[in-house]
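Asks: Mind having a look at this structure? Questions to follow.
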Number of protein chains: 2
Amino acid sequence: MGVIHRFIGSDTAYAWEGVAEKAYDRGDVVGASKKVLIGPDEGSFNFRVRYFRIEPGGHSRLEQHPQEHGVVMLHGRALVRHGDQLSELGPRDVIFIPGNEWHQLTTIGDEPMGFLCVVPAHD
Amino acid sequence: MGVIHRFIGSDTAYAWEGVAEKAYDRGDVVGASKKVLIGPDEGSFNFRVRYFRIEPGGHSRLEQHPQEHGVVMLHGRALVRHGDQLSELGPRDVIFIPGNEWHQLTTIGDEPMGFLCVVPAHD
């Protein structure tokens, strides 16, 4: 049976019914939180869709792993390190980060930044 | 190397740099178009992220297949048939449709409806 998570947040505080905020504290992470929108709890066997929010001054961990990422920006602005490049992204911009590429997302400016991140289920 | 598709559209006409509109004409589909944001062209081996837009009065095909879907609404309102249920969805609502569940999305109202749809790469 399909699972629905209704959006119950606002432009400045994204939240969904039935979706808890999960710890996102591995390694060198600053001011970031994570919500799993689609994953094992929903019955997904092949991929996960997560929402990450990173506060002003914060960033995700600089990391490298075999799993690829599909990122769709939702709000705010991000500086993305991908491989040896730096790119600035804004709302609705999309980036695909292939497996084994170093990557890190840092919030630009005074507003929190949020994005969807798709990853294979075996991550 | 990471691939970026910058958003170059508007609130009423979503578009991304380097992303073409692809035919979406299989079976009983009315007023729908598709843009593949992340897929084989970007080097994704495990999943695809597509944007679908369905015009007022339009709908996707009523279909059933082994591949699961992760859907995140972006704009407009949709009536979703999933299994034997009908649900209304609006912006930022999320639905997971497991494999083999019948599903169809129909636009509600006078505005086009658009959503992201994640699917395993072997679809």
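Asks: Are there any strands (runs of 3 or more DSSP E) wholly within the range B:1-116 with 1 or more residues that are within 14 Å of another protein chain (Cβ to nearest Cβ) and in contact (Cβ under 8 Å) with a residue 40 or more places away in the chain, and if so which?
Replies: B:3-5, B:30-38, B:47-59, B:69-75, B:103-108
Asks: Can you pull out every residue in the range A:89-123 that is open to solvent by 40 Å² or more (accessible area, probe 1.4 Å), more than 19 Å from B:E42 (Cα to Cα) and modelled with pLDDT of 95 or more?
Replies: A:P91, A:T106, A:I108, A:G109, A:D110, A:E111
Asks: Does A:L79 satisfy the condition of being of a type outside the set (G, A, S), modelled with pLDDT of 95 or more and open to solvent by less than 30 Å² (accessible area, probe 1.4 Å)?
Replies: Answer is no for this residue.
The values are calculated or read from the model by the stated rules, or taken from the named source; none is laboratory data. Everything quoted here is computed from the prediction, not taken from an experiment. Neighbour counts run over all protein chains shown; Cβ positions are idealised from the backbone, glycine included. For the accessible areas, the whole protein counts, side chains as well, though only heavy atoms, and no ligand, DNA or RNA atoms are used. Shrake-Rupley method; radii C 1.70, N 1.55, O 1.52, S 1.80 Å.
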